[in-house]
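See structure below.
The values are calculated or read from the model by the stated rules, or taken from the named source; none is laboratory data. Since this is a predicted model, take the numbers as computed values, not measurements. As a convention, Cβ positions derive from the backbone with ideal geometry for all residues, glycine included, and neighbour counts pool all protein chains shown. All accessible areas refer to the heavy atoms of the entire protein, side chains included, with ligands and DNA or RNA removed. Shrake-Rupley method; radii C 1.70, N 1.55, O 1.52, S 1.80 Å.
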2 protein chains.
Amino acid sequence: MSRRQDLIDTALKLFYTHGIHAVGINQILEEAGVAKQTLYNHFESKDSLVVAAVERRDDLFFEWLKGRVDSKAPGEEALLEMFDAVDDWVNGRVPSLSEFHGCFFINACGEYSDPSHPVHQRCADHKTRVFKLILAQVEKIKGAGAQAEELANALFMLKEGVIVKAHVEGDSQAAVKARKIARSML
Amino acid sequence: MSRRQDLIDTALKLFYTHGIHAVGINQILEEAGVAKQTLYNHFESKDSLVVAAVERRDDLFFEWLKGRVDSKAPGEEALLEMFDAVDDWVNGRVPSLSEFHGCFFINACGEYSDPSHPVHQRCADHKTRVFKLILAQVEKIKGAGAQAEELANALFMLKEGVIVKAHVEGDSQAAVKARKIARSML
DNA sequence: ACGAGTATAGACAGATCGGTCTGTTTAGGT
DNA sequence: ACCTAAACAGACCGATCTGTCTATACTCGT
């Protein structure tokens, strides 16, 4: 069980850092210190290792974000904490998420554009989970309804924009700017 | 000159559809109907073809977006037109940009995460150009200043969020939702 | 202490990768 | 009609890719 986890963690780190197609199986094996046959005892193909890595990232990231959001009073404080959390992440203050290289799920969808592909589907599910996390907090303020939905969408897209701007443009202040905007929307 | 352009256009289409590392030189040559040596007469390596493809996409996309924005009255109308344009794009109504597969520059940065890499740098430049396009329109309303900058950032990140949400989650309404939010901010 | 299950190293296969080289054919300008 | 430049097809190179196979060693419950 530990070998399997080593493989997933190593693969995730390499995929996130260099992209998925750019990383070969042999590189993962060497870095993880695991024999090739062991990999194929646990996974039937590279593709299924990729899927496992995406699922691992989903867990890691979502639980981290939820932890941060839940650490504050529900509603406005929790939502602003999300932008503080992202600020920490993009500026390399969250070691458990690895050095920042953008959103792994966005990156993965760039390599698996077909929406019916298992990798893409997992990424979609992840984003939907995060959206619902935001929506739940918005509803603490606005109650359920179309207005809450709209605001949650705004905050979600703003957050995605932060990640993109931070990664592509290298803007370390993106999250701070977005937090200010978010506050004026709440 | 036409062969060179054929190669760039074919490479761009394939890179955008499948990702960059997933597409081999031979696939590009076959699709473009060009001999291998011809490619290496025009480009010194695959990498320089990749750079040329990114630059081509920058031209294509920016000129298209600018054309749409400039087609409306400067200021609010122009900014809302941007979201209409993105709505057309993500829903496949802009053939000149190829079938929608997210933002090529975001995708490329997922594969070239190192900010000093020529590919990443071109992507950063592209995003900065788009930001300035937005900023110029915002300044028609607010005048130059910190407030305009903040609003431009909000609209830029919102737009990035639309693209991500549309691609990863397959949300065809993302741009419509964002337009509504943008209108309430203007 | 022994047998089963799992890990190891590493050779191997077949395909594909980026890139080079050769020799032939085509196209255009004078 | 001829010369030059460019594009052609495709063999070839060494490296790397995913995945298989073999044969050996370790680990652990009974």
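The residue list B:Ala53, B:Ala32 contains one member that is buried (at least 16 other Cβ atoms within 10 Å of the Cβ), touching a Ser or Thr at 6+ places or on another chain (Cβ under 6 Å) and of a type in the set (Gly, Ala, Ser), which is B:Ala32. Residues of segment B:143-157 that are in a helix (DSSP H, G or I) and more than 8 Å from chain A (Cβ to nearest Cβ): B:Ala146, B:Gln147, B:Ala148, B:Glu149, B:Leu151, B:Ala152, B:Leu155. Just one of the listed residues (A:Lys140, A:Lys72) is part of a loop (DSSP other than H, G, I, E, B) and basic (Lys, Arg), and it is A:Lys72.
Apart from one condition, B:Ile106 fits all of (1) loosely packed, with under 15 Cβ neighbours inside 10 Å; (2) within 19 Å of A:Met157 (Cβ to Cβ); the exception is (1). Taking each residue of segment A:107-130 that is without any contact (Cβ under 8 Å) to a residue 24 or more places away in the chain and looking for partners that are crowded, with 23+ Cβ neighbours inside 10 Å and of a type in the set (S, T, N, Q) with beta-carbon atoms closer than 7 Å, six or more apart or interchain, yields A:Gly110/B:Asn107.
In this structure, B:Glu160 does not satisfy being open to solvent by 20 Å² or more (accessible area, probe 1.4 Å), within 11 Å of chain A (Cβ to nearest Cβ) and in contact with a helix residue (DSSP H, G or I) (Cβ under 6 Å, 6 or more places away or on another chain). In the set (1) over 25 Å from A:Asp9 (Cα atoms); (2) acidic (Asp, Glu); (3) touching a helix residue (DSSP H, G or I) at 6+ places or on another chain (Cβ under 6 Å), the condition left unmet by A:Asp84 is number (3). May I ask you to verify whether B:Asp70 is within 14 Å of chain A (Cβ to nearest Cβ) and more than 12 Å from DNA strand D (Cβ to nearest atom)? So B:Asp70 fails the test. Applying the set (1) in a helix (DSSP H, G or I); (2) closer than 30 Å to B:Ser45 by Cα; (3) small (Gly, Ala, Ser); (4) over 13 Å from the mean Cα position of the chain (by Cα) to B:Ser113 leaves exactly one unmet item: (1).
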